[in-house]
Each structure stands twice: as structure tokens, then as C-alpha cells.
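Data block below; observations after.
The values are calculated or read from the model by the stated rules, or taken from the named source; none is laboratory data. Remember, it's a predicted structure, so these values are computed and weren't measured experimentally. Note that we place each Cβ from the backbone using ideal geometry, even for glycine, and neighbour counts take in every protein chain shown. Heads up: the accessible areas ignore ligands, DNA and RNA and are worked out on the full protein's heavy atoms, side chains in. Shrake-Rupley method; radii C 1.70, N 1.55, O 1.52, S 1.80 Å.
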Amino acid sequence: MRKLFLLLMIFCFLPVLLMGQNVLSNAGFENGDLDGNGIPDDWIGYAQTGASLELINDSLAAYSGSSWVKCTSTSGGYYLLY
């Protein structure tokens, strides 16, 4: 049974490892916020009281590309972005 499970896991995950493609559709936030809801497109956000999120377009400060997200909190709350 363990061999079958291992074979199944290899069969499922080997193509992903070999291709090396990112499975997130907007991983670098480059698509922006086209729908205007304050959350980057293709992401889900949940803010606690006092937390905020800002999508910033600045290629000098971004890790790669031109966009990044700044999450801040004024009262110890957190922002979940997934």
C-alpha cells in the first residue's frame, strides 16, 4: 500500500516539479486590481480591525516585476492574503 501511495504521489507531483511553472495565476501581483475591490486580482483577502492592504506599483522596491503589496496594521491586527 505504501508503494502504491508513493507511486501515486510521484505521478501527481513530478510534472509540476519538472515544469517549474508557478501555479498561482497572479503570484507577483502584476495583474493589479482591475475589479477595484482593494485586493489584487486572483487573491482573497481578509482584514482584522486596524489592518490595511495597499497594492503598490514601484519596480525599484519590488522583488521582481513592478508591483508589490504592503500590509500594515495600526492596532496589532493582521491581514490574511491568500
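Here are a few things to note about the model shown:
- The chain, dipole about Cα centre (Lys/Arg Cβ +1, Asp/Glu Cβ -1), debye to the nearest 20: 620 debye
- Of 5, 25, 57, farthest towards positive along the dipole that unit charges on Lys, Arg, Asp, Glu beta carbons give the chain: 5
- Per residue, the average separation of C-alpha pairs within less than 8 Å and at least 6 apart gives region 33-72 a relative contact order of 31 percent.
- Rounded to 10°, Cα long-axis angle of helix 2-19 versus longest principal axis of the chain: 50 degrees
- Kirkwood-based Rg to Rh ratio, the chain, C-alpha trace: 1.17
- The helix-only estimate of mean residue ellipticity at 222 nm for the chain, built from DSSP H runs of length n ≥ 4 each weighted as -39500 (n - 2.57), is -7500 deg cm²/dmol after division by the residue total.
- Net charge of neighbours whose Cβ lies under 13 Å from the Cβ of residue 81, counting Lys and Arg as +1 and Asp and Glu as -1: -3
- Accessible area in square angstrom per residue, the chain, 1.4 angstrom probe: 80 Å²
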